[in-house]
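Report on the structure given below.
The values are calculated or read from the model by the stated rules, or taken from the named source; none is laboratory data. The structure presented is a predicted model; accordingly, all values stated were derived computationally and were not measured. We place every Cβ from the backbone using ideal geometry, glycine too, and count neighbours over all the protein chains shown.
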Amino acid sequence: MNTSHVIDCSREALRMALLLGGPLLVVALVVGLFVGVIQTLTQMHEPVVAMVPRLVAVLLAALFSLPWLIGRWVAFAVDLIGSIPDRF
């Protein structure tokens, strides 16, 4: 196995991790910023109040995007397993 193949596989794995985790992280960021602004305006600084809306938003986003996430993940796995004979 050539080092360029290892680098290509690692690059694709990192890209796929960012692609699958990115939307959920963006949802958590947006909801966290919104809740932080609301907490600042109301001067109520409770950690639980900040965590619960983020958790609910990320769970809803994960449920909404689950078919797409699984499809991308399966396509990546099929491509990776299919490329094994070519690499050796």
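General observations
- Residue selected from segment 34-81 under the condition of a type in the set (D, E, K, R) and part of a helix (DSSP H, G or I), by the criterion farthest from Leu18 (Cα to Cα): Arg54
- Top-ranked residue of segment 1-26 - restricted to ones that are hydrophobic (A, V, I, L, M, F, W, C) and over 10 Å from the mean Cα position of the chain (by Cα), ranked as farthest from Gly71 (Cα to Cα): Met1
- Only one of Val52, Val48 that is at pLDDT below 95, surrounded by 12 or more Cβ atoms within 10 Å (Cβ to Cβ) and of a type in the set (A, V, I, L, M, F, W, C): Val52
- Residue in segment 10-17 that is in contact (Cβ under 8 Å) with a residue 40 or more places away in the chain and in contact with a Ser or Thr (Cβ under 9 Å, 6 or more places away or on another chain) present: no
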